[in-house]
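Each remark here refers to the structure printed beneath this line.
The values are calculated or read from the model by the stated rules, or taken from the named source; none is laboratory data. As the structure is a prediction and not an experimental result, all values here were calculated from the model. So basically every Cβ, Gly included, is an ideal-geometry build from the backbone, and we count neighbours across all protein chains shown.
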Amino acid sequence: MKRFLYFIFLTLFFTVSCNTAKFSLRERRILKKEYEKNIMPLMFVSNKKDSVILYKRSNFFNADSTDRKLNKLIELMYYTCIDSLNPGVGIAAPQVGINKRIIWVQRFDKEKKPFEVYFNTEILYFSSSKSEGWEGCLSVPGYRGLVNRSDTVVLKYDTFDKKNYIDTINGFTAVIFQHEIDHLEGILYTDRISDKTKILTEEEYKSFNKGEKI
Ligand SMILES: [Zn+2]
């Protein structure tokens, strides 16, 4: 009987632990806190501790819609991304200190341009046709850079409803996905610019253009 109960306990333990996002102690501490207006502090590349998180590859996980910590994180990331004082068109979990493969992307390719959340996103195909475009990043404040990105990408991702969903994305939305998925790989847009004359300060950039951070 004892053995049987132990077996039941183990089965339950593994079922529960496999269904959660398995946040680390440090991540659980971040998720325990309450934030004013639901806006989380951002990780900045200029900060040594933050940059360790930003340059780390994020983990895949099982997206369970009943996971309360995961739901809280998703909501907080959304409000942090649309923060009216510092708005972005996308955000990745490492930017708020969580190394899990979660991104929010504003879908400029859809009617009403909704923000959507994706889990475990990977790029399966990059088109050889590329275009240069200006990018900014919530984690690299004060700068803009000219980045060469593929015009089309084929993605694989999970949502709460779908697993291993394959999608083809074009244009500016494809650029946002590439930028955010780079965050999940521990890559910043500035790492993609070899010619540093293509990185401008915000002031220099504003003098001839206008845009949002991704
Ligand atoms: Zn970014």
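Structure summary
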item: Criterion: under 13 Å from the mean Cα position of the chain (by Cα) and outside any loop (DSSP other than H, G, I, E, B) - qualifying residue of Ile98, Ile166, Ile123, Ile91; result: Ile91
item: Residue check, Leu31 crowded, with 17+ Cβ neighbours inside 10 Å and either at pLDDT below 95 or within 22 Å of Ser139 (Cα to Cα) (or both); result: yes
item: Residue check, Gly145 in a strand (DSSP E or B), surrounded by fewer than 19 Cβ atoms within 10 Å (Cβ to Cβ) and of a type outside the set (S, T, N, Q); result: no
item: Any pair with Cβ under 6 angstrom, 6 or more apart, that starts in segment 126-145 at a residue that is closer than 28 Å to Asp50 by Cβ and without any contact (Cβ under 8 Å) to a residue 60 or more places away in the chain and ends at one that is within 16 Å of the ligand (Cβ to nearest atom) and in a loop (DSSP other than H, G, I, E, B); result: Gly145/Ile193
item: Conditions (1) in contact with a helix residue (DSSP H, G or I) (Cβ under 9 Å, 6 or more places away or on another chain); (2) surrounded by fewer than 17 Cβ atoms within 10 Å (Cβ to Cβ); (3) not in a helix (DSSP H, G or I); number of the one not met by Tyr79; result: (3)
item: Identity of the residue in segment 91-134, among the β-branched types (Val, Ile, Thr) and more than 11 Å from the ligand (Cβ to nearest atom), that ends up farthest from Met43 (Cα to Cα); result: Ile123
item: Checklist (1) part of a strand (DSSP E or B); (2) within 14 Å of the ligand (Cβ to nearest atom) applied to Cys137, failing item; result: (1)
item: Single match in Ile181, Ile187 (criterion: within 16 Å of the ligand (Cβ to nearest atom), part of a loop (DSSP other than H, G, I, E, B) and either farther than 19 Å from Val89 by Cα or aliphatic (A, V, I, L, M) (or both)); result: Ile187
item: Of the criteria (1) under 24 Å from Lys56 (Cβ atoms); (2) exposed (fewer than 14 other Cβ atoms within 10 Å of the Cβ), which one Gly97 fails; result: (2)
item: Options Phe208, Phe172; residue that is more than 22 Å from Gly97 (Cα to Cα), outside any strand (DSSP E or B), more than 13 Å from the ligand (Cβ to nearest atom) and in contact (Cβ under 8 Å) with a residue 12 or more places away in the chain; result: Phe172
